[in-house]
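Computed from the coordinates by the stated procedures, all read-outs in this text should not be read as laboratory data. On a predicted model such as this, the values are computed, not experimentally measured, just so you know. As a convention, Cβ positions derive from the backbone with ideal geometry for all residues, glycine included, and neighbour counts pool all protein chains shown.
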Amino acid sequence: MDSLLTLIALAAVTVGTVFSMLGVLGYVRLPDVFTRLHATGKVSVLGVVLLATAVISVTPLSWSKGMILILFVLLASPVASHSIASAAYRIHIHPRHAQRNDLALPHSHGEPERPSTPGN
């Protein structure tokens, strides 16, 4: 049984490291904040989950604690990515080559509405 768990851990570490490296490569190579968030938010989380699976299978950490940790990572990552993307859009950082912009108002032709100030 130990050799099977060691084999699972070895495979999870290998695949998890590859996914994490692909996330870092996407972060470095992609052009804007939104595509970078896509690379790091999706690919790197899968790498973290696989690395946590490897840790659970090799160490005496109980499966229930490990699954709760993985669940928290899977729940927190999309929320964090969405928050960062929303903040970037609100400070007027726009996608470089967007085919469409679902966040823009219909009358603004792709530009977000500027906040109104008193006296305008």
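In a shell of Cβ-Cβ distance under 15 Å around SER44, excluding SER44 itself, what net charge do Lys and Arg (+1) and Asp and Glu (-1) give?
Net charge in that neighbourhood comes out at +3.
For the chain, modelled as a GNM with alpha-carbon contacts under 10 angstrom, which of GLY23, GLY41, GLY66 fluctuates the most?
Fluctuation is largest for GLY66.
Under a point spin-label approximation (7 Å from Cα along Cα-to-Cβ), what is the LEU25-SER83 distance to one decimal in nm?
Distance between label points: 3.0 nm.
I need the helices of the chain that pass two filters: whole DSSP H segments spanning 27 Å or more by Cα along the axis, and mean Kyte-Doolittle score no lower than 0.5. Write down the numbers at each step before the final one.
Working: long enough: 2-29 (40 Å, 1.58); 63-90 (41 Å, 1.11).
Counting only whole DSSP H runs, the qualifying helices are 2-29, 63-90.
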